[in-house]
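> First the structure, then my questions, so here it is.
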There are 2 protein chains.
Amino acid sequence: MPSVDRLAMIKRFYRKYNRLPSYSEMLRLFHFASKKAVHLVVHKWIEEGLLKIDSNKITPTLRFFGLPLFGMIKAGFPILAEEDRQYLTLDEYLINDPNSSFLLKVSGDSMINAGIFDGDVVVVEQKREPVPGDIVLAEIDREWTLKIYKKDRRHRLAYLEAANPKYPPFYPTQELKIHGVIGGVVRKLAN
Amino acid sequence: MPSVDRLAMIKRFYRKYNRLPSYSEMLRLFHFASKKAVHLVVHKWIEEGLLKIDSNKITPTLRFFGLPLFGMIKAGFPILAEEDRQYLTLDEYLINDPNSSFLLKVSGDSMINAGIFDGDVVVVEQKREPVPGDIVLAEIDREWTLKIYKKDRRHRLAYLEAANPKYPPFYPTQELKIHGVIGGVVRKLAN
DNA sequence: CAGTATAGTAAACAAATGTTTACTTTGTCA
DNA sequence: TGACAAAGTAAACATTTGTTTACTATACTG
């Protein structure tokens, strides 16, 4: 059994249980008879930078549970050496303040020119102050909607704009509440 | 110190160290003098469904580290009761097979009509078989690019198409290699 | 094929884990 | 103000943690 399989095994374990297996659990997983054998493979992973020890506890590193991020350049694709790769989690990439954010599945075509399609999921940050140009989750005259936050030059009044020429700007007749600023957009492609 | 602060504290701890703090660590964090006090708050969280116990180990649930996902409906916004909320992680939402995927920062405007803008990050799934219509990471005549995978009706030949009318279709003169299918698109908005 | 490094077994280790018991403080509300 | 529940202290508990020692099997390598 090559060690890469073992790595895949505890990665699967980590994704399922959201924690690393203990030595005894790995012992069962890898069909070892001695914890020394586990100790060996774990410390090999530590040397490779996949795991690390803090406060005498073994924890995964970004290299363990993140995905490598590459940059696309015009001529050719940059396959970086393992040690130069940047590893990333989509959650930490997109979500600034997890305690005051939520996800929202968008419906409608009013933001297509901003690259937000029907069915996309957006990250709504509730504590962020909107500045003109931001895409916001707003409640305009008691109706919830996703639009661009704008401010009238003369009267300094806030209004909303769609990112689709077929819709006119929206000026509130009674009230305009901004419930959050969109910090990210996520789209899952077919299958 | 209200208990919601303590929850925020161990959420921060979890995001920083990718594991839950032990009782002794929480003892320090919360400035408790007895592990019994820790035990109490932990088991309150377990009852609330934020944590759970498997194999005598305390682990976080989706409710703990995920974000709630809401659906947008035309008239009004559905604020669901806590127990009806669906919790989600962007990583598990977008990434099907973490072991054979990577992230790629896109440059160029050739896919704007597919809602993929310059600077967006896409999830490339290496083991997925492309079907016509899929957006793929391809190497066409030694040049890497992100395009729509197509097949010629008559000759059954594969070619590439941009999602931007200003570019013509790309027919390979020598070779066309598909290195992966795009399974998701991610865009981080300003700041 | 002999020599040697690598990978594994078996058992013992201190230290840390989460739980429990018995008791005390704090806060709430009639 | 008095009663009572909730929250915390202090200490002891059995288990489990990851590490280590000494020894053995396996697999390369020249």
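The values are calculated or read from the model by the stated rules, or taken from the named source; none is laboratory data. Keep in mind that this is a model prediction, so the values were computed, not measured. Reconstructed Cβ throughout: ideal geometry from the backbone, glycine too, with neighbour counts over all protein chains shown. Quick note on the areas: whole protein, heavy atoms, side chains included, nothing else; ligands and nucleic acids left out. Shrake-Rupley method; radii C 1.70, N 1.55, O 1.52, S 1.80 Å.
> So which residue, out of B:GLY66, B:GLY76, B:GLY49, gets the largest mean-square fluctuation from a GNM of chain B using Cα contacts under 10 Å as springs?
Largest GNM mean-square fluctuation: B:GLY76.
> Right, next: Once the label point is placed 7 Å from Cα along Cβ, list for B:GLN126 the distances to the corresponding points in the other copies, in nm, shortest first.
Distances between equivalent label points, in nm: 4.1.
> Quick one: angle between helix A:35-48 and the longest Cα principal axis of chain A, in degrees between 0 and 90, rounded to 10, please.
50
> Still on this model: In sequence order, what are the phi-derived ³J(HN,Hα) couplings for segment B:84-91 according to the Karplus relation 6.51 cos²θ - 1.76 cosθ + 1.60 with θ = phi - 60°, rounded to whole Hz, with x for glycine and proline?
9, 6, 9, 10, 9, 10, 4, 5
> Which ³J(HN,Hα) values, rounded to whole Hz and listed in residue order, are derived for segment A:95-104 from phi using the Karplus coefficients 6.51, -1.76 and 1.60 in 6.51 cos²θ - 1.76 cosθ + 1.60 with θ = phi - 60°, glycine and proline given as x?
Computed from phi, the couplings for segment A:95-104 are 9, 6, 10, x, 7, 10, 10, 8, 9, 9 Hz.
> Under a point-charge model restricted to the Cβ atoms of Lys and Arg (+1) and Asp and Glu (-1), what is the dipole moment magnitude of chain A relative to its Cα centre, in debye to the nearest 20? Walk me through the intermediate numbers first.
Values: 29 positive and 23 negative charges, 100 e Å.
For this selection, approximately 480 debye.
> Between copies, how far apart are the A:LYS44 label points? List them in nm, one decimal, shortest first, with each point 7 Å from Cα toward Cβ, please?
4.6
> Take every Cα-Cα pair in the protein assembly as shown and report what % of them are more than 32 Å apart. Show your work: numbers first, answer last.
On the way: 33236 of 72771 pairs.
Everything past 32 Å amounts to 46 percent.
> Which value results when the Cα radius of gyration for segment B:3-65 is divided by 2.2 N^0.38 Å? It would help to have the intermediate numbers written out before the result.
Numbers: Rg = 10.7 Å, N = 63, 2.2 N^0.38 = 10.6 Å.
Rg over 2.2 N^0.38 Å, computed on Cα atoms: 1.01.
> Picking from B:ASN56, B:LEU27, B:ALA37, whose Cα lies most toward the positive end of the charge dipole for segment B:3-65 (charges on Cβ: Lys, Arg +1; Asp, Glu -1)?
B:LEU27
> Considering every residue in B:126-136, what mean count of other chain Cβ atoms within 10 Å of its Cβ is obtained? Display every interim value, and only then the final one.
Values: counts 0, 0, 1, 0, 0, 2, 0, 1, 3, 2, 0.
Going residue by residue through B:126-136 and averaging, the value is 1.
> For a test of the definition: using alpha carbon positions, the gyration tensor, and the 1.5 limit on a/c, classify segment B:118-191 as rounded, prolate or oblate. Walk me through the intermediate numbers first.
Numbers: a/c = 2.02, a/b = 1.63, b/c = 1.24.
Prolate shape, in that a/c is at least 1.5 and a/b is the bigger ratio.
> For the protein assembly as shown, what is the calculated [θ] at 222 nm in deg cm²/dmol (nearest 500), taking -39500 (n - 2.57) for each run of four or more DSSP H residues and dividing by its residue count?
On the way: 10 runs with 90 residues, N = 382.
Mean residue ellipticity, 222 nm, calculated: -6500 deg cm²/dmol.
> Restricting attention to the alpha-carbon atoms of chain B, what are Rg (one decimal) and Dmax (integer), both in Å?
According to the Cα coordinates of chain B, Rg and Dmax are 23.7, 78 Å.
> Residues with amide H under 5 Å of A:LYS52's amide H, sequence separation 5 or more or different chain, H placed in the peptide plane at 1.01 Å from N; which?
A:THR59, A:THR61
> For chain A, modelled as a GNM with alpha-carbon contacts under 10 angstrom, which of A:SER110, A:SER55, A:SER24 fluctuates the most?
Checking each option, the largest mean-square fluctuation is seen for A:SER55.
> Considering amide H positions built from the backbone, and no H for Pro or chain starts, which residues 5 or more places from B:LYS151, or on another chain, come under 5 Å of its amide H?
The list, which skips near neighbours in sequence, is B:TYR159.
> Any idea what the A:PRO169 label distances to the other copies are, label 7 Å down the Cα→Cβ vector, nm, shortest first?
Those label-point separations list as 4.3 nm.
> Further question on the same structure: Using each residue's phi in segment B:17-34, evaluate 6.51 cos²θ - 1.76 cosθ + 1.60 at θ = phi - 60° and report the 3J(HN,Hα) Karplus result to the nearest Hz, with x for Gly and Pro.
Coupling constants for segment B:17-34: 10, 6, 7, 6, x, 6, 3, 5, 5, 5, 3, 5, 4, 8, 6, 9, 10, 10 Hz.
> Among B:LYS57, B:LYS147, what's the order by accessible area (1.4 angstrom probe), most exposed first?
Numbers: B:LYS57 70, B:LYS147 15 Å².
Ranking B:LYS57, B:LYS147 by accessible area, largest first, yields B:LYS57, B:LYS147.
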